[in-house]
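A.B. asks: So that we are looking at the same thing, I have put the structure below in structure tokens.
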Amino acid sequence: MEPNYPNYSLEELHEALATIDKDAHPERLVMIQDEILKRSSQNPKPSEQKSELPQQKKLGTGGRIFIFVIAAIMFYFGVTGYLEGEIAGKNQKYTREESSFMYYIHVLIFIGIGISLMYFAIFGKNKNDTKAQ
């Protein structure tokens, strides 16, 4: 009985190519190679396809922990600065009474960056996540 290679999946074709007895069945070898070649010309590999969406940075566990720690520090500085009425700037401290605009800008930046990094650390893409295509 002759195998029906057009009904095989690409993975099954590669497996058949790897396990076929090339000396006993040279005609089947040619059929498998032709079917693989035909499919690869119809469906280019995912790496050859241009993605329209930008790739999201993938994180491992260590990267997630590091980003989460930085996020917690930023969030802490923003919240304590708001509660104490004083927050550190580049070369000075901004207070709620003396320089309220810069004070609130710094508070919002610290808290905003902290929340954004926490979100990224929790919901960012894992290194081992693969998208079926």
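The values are calculated or read from the model by the stated rules, or taken from the named source; none is laboratory data. Remember, predicted model here, so these are calculated numbers, not experimental data. Ligands, DNA and RNA are stripped out before the accessible areas are found, and what is left, the full protein with its side chains, is counted by its heavy atoms. Shrake-Rupley method; radii C 1.70, N 1.55, O 1.52, S 1.80 Å.
A.B. asks: How do 95, 61 rank by accessible surface area computed with a 1.4 Å probe, from largest to smallest?
C.D. replies: Working: 95 20, 61 105 Å².
Result of the area sort, largest leading: 61, 95.
A.B. asks: Which of the three applies to the stretch 60-128, rounded, prolate or oblate, going by the alpha-carbon gyration tensor with a ≥ b ≥ c and a/c under 1.5 meaning rounded? Each step should come with its number before you reach the end.
C.D. replies: Working: a/c = 3.51, a/b = 3.16, b/c = 1.11.
Here the stretch 60-128 falls in the prolate category.
A.B. asks: Can you compute 3J(HN,Hα) from phi for each residue in the stretch 25-40, using the Karplus curve 6.51 cos²θ - 1.76 cosθ + 1.60 with θ = phi - 60°, rounded to whole Hz and x for Gly and Pro?
C.D. replies: Karplus-based 3J(HN,Hα) across the stretch 25-40 equals 9, x, 5, 5, 4, 5, 5, 5, 4, 5, 5, 5, 5, 5, 5, 5 Hz.
A.B. asks: Please work out how much accessible surface residue 38 shows to a 1.4 Å probe, ignoring ligands, DNA and RNA, in Å² rounded to 10.
C.D. replies: 100
A.B. asks: Suppose the chain between residue 7 and residue 115 were pulled fully straight at 0.36 nm per residue; how much longer would it get relative to their current alpha carbon spacing?
C.D. replies: 33.8 nm
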